[in-house]
Every structure is written in C-alpha cells, then in structure tokens.
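The values are calculated or read from the model by the stated rules, or taken from the named source; none is laboratory data. Quantities reported herein were computed from a predicted structural model and do not represent experimental measurements. Note that each Cβ is placed from the backbone with ideal geometry, even for glycine, and that neighbours are counted across all protein chains shown.
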Amino acid sequence: SPSDQSPSPRVVSDSVVVAAPPSVVFDILADPRQHQRIDGSGSLRGSVTGPVRLVKGSRFGMDMKMFGLPYKIRNTVVELEADRRIAWRHFGGHRWRYVLEPTARGTRVTESFDYSRYGLVPRLVVELAGFPGRNRRGIAGTLVELKRAAEHDATTNRSRGQQP
C-alpha cells in the first residue's frame, strides 16, 4: 500500500511497490498516450499531442478537466533518466515527478507534485485552492492504476513501445 514520503511541505508525494521491473513502469510513464490509462485523479480527458516516447525537453499536451471545466495543458519534460526518473512541468512551474527504484519485488514508484519553486503568492494560491490535498488523492489513485497497468504489462510480456 502507498506510504507518505514527502521530503518538503511543498512536495506532495506517495509511493507504491509494483511487481514489475522499472523498464515496464517507465515505458508507461514515458508514453503520454498511456497517461489516461493510469490517471487516478479523473482530470485527464485524452487527446494527447506530442511524441510517442518522451525524452528530456519533449513537449506534450493533454485535454484536461477541473471542477467540471475542460482545458488544455502543455507540459515540458524537465528531468529524465531512463527507467529511473521522469518529471514534467507546465507554465505554472510545478513538477510532476516519478522516481523508480528497483526492489527485490519489482519497483518502488514514488510520484510527487512539487511546487517548491513557487514564490510566496503563487504558493498561497496553490494552497488556498486546495491543490496539495486534491493532488495527494490523485497521486494515491494514480499509483493504484499504474501498479495495475505495469503488473498487467509485465505478465503479458508487452514490449517497449507497444500501445495498450
């Protein structure tokens, strides 16, 4: 089950152990077309633009919804180490990060929402709007879905680059 691993009050984070190797988990995260498959927040609506395989500097867009209202978001990959770490940000500057650590049982996946780079006013807006709590719930749901997807892919021997 996920456990809280927040290193900073402005980083919302949770982890889960997945019975799949890091490469299988990373393949899902590095393909933005698979993000709707693992979305535990209910905010992704689909319609992804950008590359099939993300690399550092890649830009990708998604149709989203919040409070029932549709919007589009464009992300840039700002951290990437194959099979170990990937993070992206959009105009707000906060980062969504996944860190993958091999374990005896598979992979420990830590997902985080990091808004530590914000100044005082944007930080207060994020906090007053309730994003830390909302994102904590979304992360917990996403980790459940990512675990399910990666364990499925590992048991069905899906190779890199295959679509769901």
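Scan segment 51-66 and give yes if some residue there is in contact with an Asp or Glu (Cβ under 6 Å, 6 or more places away or on another chain) and over 27 Å from N157 (Cβ atoms), otherwise no.
The answer is no, given that none of the residues of segment 51-66 is in contact with an Asp or Glu (Cβ under 6 Å, 6 or more places away or on another chain) and over 27 Å from N157 (Cβ atoms).
Suppose we filter segment 28-55 for residues that are under 19 Å from S112 (Cα atoms), in contact with a Pro (Cβ under 7 Å, 6 or more places away or on another chain) and either part of a strand (DSSP E or B) or not hydrophobic (A, V, I, L, M, F, W, C) (or both); how many remain?
Residues in segment 28-55 being under 19 Å from S112 (Cα atoms), in contact with a Pro (Cβ under 7 Å, 6 or more places away or on another chain) and either part of a strand (DSSP E or B) or not hydrophobic (A, V, I, L, M, F, W, C) (or both): 2 in total.
Kindly indicate whether G130 is of a type outside the set (V, I, T), over 14 Å from V11 (Cβ atoms) and modelled with pLDDT under 90.
Judged against the criteria, G130 is a match.
Under 6 Å by Cβ, and 6 or more places apart or on different chains, what pairs join a residue from segment 126-143 that is in contact (Cβ under 8 Å) with a residue 12 or more places away in the chain with one that is surrounded by 18 or more Cβ atoms within 10 Å (Cβ to Cβ) and assigned to a helix (DSSP H, G or I)?
T142/I38
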